[in-house]
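Have a look at the structure below, then the notes.
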Amino acid sequence: MTRHQKRLSVPKSWPVERKTNTFTVKADAGPHGEAGVPLLILLRDVLGYVDSRKEARYALGEDSVLVNGAPVSDEERPIGMFDILAFLEREEFYRVFPDEGGRLALSPIDADSAGSKLGKIVGKQQVAADVYQLTLHDGQTLRTEEASYTPKDSLVVDNETDEVVAHFPYQADALVTAVDGSHAGEIGEIETITVTASSSSNNVRVSTEESSFETIEEYVVVIDENFTAEETEVSDA
């Protein structure tokens, strides 16, 4: 299997220029599916911390680069929406956040915020009498006795303990960000949720500071109001 990825065919979420070189690095299998951006691209092309794969491997070998609280040694490890990157030696922390157009951007956050990450619930199963298994958007699974958590809700999960530290229900008036579609990157409050009678996706109308837009509910994620205060894009590489 090839270790390269043609730039022209990378997912639109990847923060890479498509017409500079023919190839770029290919992500390993892992979280976020095909939309996951190889860590090397963020280190080299977005942040400019390394110039080559060799330098990236050396930096990762120091165990000072963390993804969601765990050291990472694979420069091709997929990084995706709402992941937390920590550079301990630099004392820098970032959240991966969808930018306008759906491209992923790195947003500086403080050390306290880097201790947990946001996850959208995409699946729920009852595995015992009072135990439920939740699947988050990045493939992470959690077990809980809390029956009120439902798909399309968002949870904030502690990176060390996997404990849920906050719950944001998917409902009218919830603060959301669009993560795909023509309104990707826009933030607003849900005005209405229109349930379709067919197998088609439900529609959501979102009110922003300037206007409103309509999209499908798969394209929105409930977020905390603190996200809007922290987000400052680092690079549009």
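The values are calculated or read from the model by the stated rules, or taken from the named source; none is laboratory data. Remember, predicted model here, so these are calculated numbers, not experimental data. Ideal geometry is used to build each Cβ from the backbone, glycine not excepted, and the neighbour counts take in all protein chains shown. The accessibility values were calculated without ligands, DNA or RNA, using every heavy atom of the protein model including side chains. Shrake-Rupley method; radii C 1.70, N 1.55, O 1.52, S 1.80 Å.
Taking the accessible area of region 43-83, probe 1.4 Å, and keeping the other protein chains in place, the carbon and sulfur fraction comes to 45%. Placing +1 on the Cβ of every Lys and Arg and -1 on the Cβ of every Asp and Glu, with nothing else charged, gives region 127-210 a dipole about its Cα centre of roughly 420 debye.
Note on ARG53 and GLU209: with the Förster distance fixed at 35 Å, the Cβ-Cβ geometry gives a FRET efficiency of about 0.25.
Sorting the segments 81-91, 32-42 by their mean number of nearby beta carbons within 10 angstrom, highest to lowest, gives 32-42, 81-91. Solvent-accessible surface of region 85-237, taken per residue with a 1.4 Å probe and all protein chains present: 51 Å². Spin-label model, GLN125 to GLU160: label points 7 Å out along the Cα-to-beta-carbon direction sit 3.1 nm apart. Principal axis analysis of the Cα atoms in region 127-202 yields extents of 36, 30, 22 Å, listed in decreasing size. Taking Cα centre as origin and charging only the Cβ of basic (Lys, Arg, +1) and acidic (Asp, Glu, -1) residues, the dipole magnitude of region 63-167 rounds to 500 debye.
Dipole magnitude for region 24-110: about 200 debye, using +1 per Lys or Arg Cβ and -1 per Asp or Glu Cβ, origin at the Cα centre. Spin-label pair GLU146-VAL195: with each label point 7 Å from Cα along the Cα-Cβ axis, the two points sit 2.3 nm from one another.
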